[in-house]
Every structure is written in C-alpha cells, then in structure tokens.
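Here is the structure we will look at, set down as structure tokens.
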Amino acid sequence: MNGVAGGSTPRKATFIEVLQMVLSAFLGIRKRAEHEKLVVAPLQVIVVGVLAAAGFVVTVISVVRLVLR
C-alpha cells in the first residue's frame, strides 16, 4: 500500500490543478488527502507560485491606486 486514499496510484497534475493547489495553499485550506492524489513537479509549484504572488501584488497595487485617486 502506498498510503494514497483508495489504493490508487497518484497521477500527474494539470496546470489548473497546480493553480488550485497553490491558491488553496495561499489560504491554508488544502487537505492532505487531495495532496496525495497528485504528482507535482517542484518546478510547476514554483512557477505557479511566483505567478500567483505577482498577480496578488499587482492586484493590491491597483486597488490602492484606485482608492487613492
């Protein structure tokens, strides 16, 4: 048994699944069982994490500029 729920083997994550994983990690709401269902390359997580962080910073700057006008 490999410890994965249901005994199935983990499958490779799609871009959308990696994006969901990173965004839920930003909020701290990821379940361990869901994490074990997917195989994610560290590079995927790094790239999506950097893009998500950059998007967050751009959003905050845009909102602040909009409010201060």
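Per residue, the accessible area of the chain comes to 80 Å² when a 1.4 Å probe rolls over the protein heavy atoms. Multiply the residue separation of R11 and V57 by 0.36 nm, subtract the distance between their alpha-carbon atoms, and state the gained length in nm to one decimal. Gain in length upon complete extension: 13.4 nm.
The angle between the Cα long axis of helix 15-27 and the longest principal axis of the Cα atoms of the chain comes to about 70 degrees, rounded to the nearest 10.
The candidate values were (1) 5.3; (2) 11.6; (3) 6.1; the one computed from these coordinates for mean projected area of the Cα convex hull in nm² carries the label (1). For the chain, a crude dipole built from +1 on the beta carbon of Lys and Arg and -1 on the beta carbon of Asp and Glu, taken about the Cα centre, is about 140 debye to the nearest 20.
Give me the angle, in degrees from 0 to 90, between the Cα long axis of helix 42-68 and the longest principal axis of the Cα atoms of the chain, rounded to the nearest 10. Around 30 degrees separate the two axes.
The values are calculated or read from the model by the stated rules, or taken from the named source; none is laboratory data. It should be emphasised that the depicted structure is a prediction, and the values quoted were computed from it without experimental measurement. A quick note on method: Cβ atoms are made from the backbone with ideal geometry, for glycine too, and the neighbour counts reach across all protein chains shown. Only protein heavy atoms, including side chains, enter the accessible area calculation; ligands, DNA and RNA are left aside. Shrake-Rupley method; radii C 1.70, N 1.55, O 1.52, S 1.80 Å.
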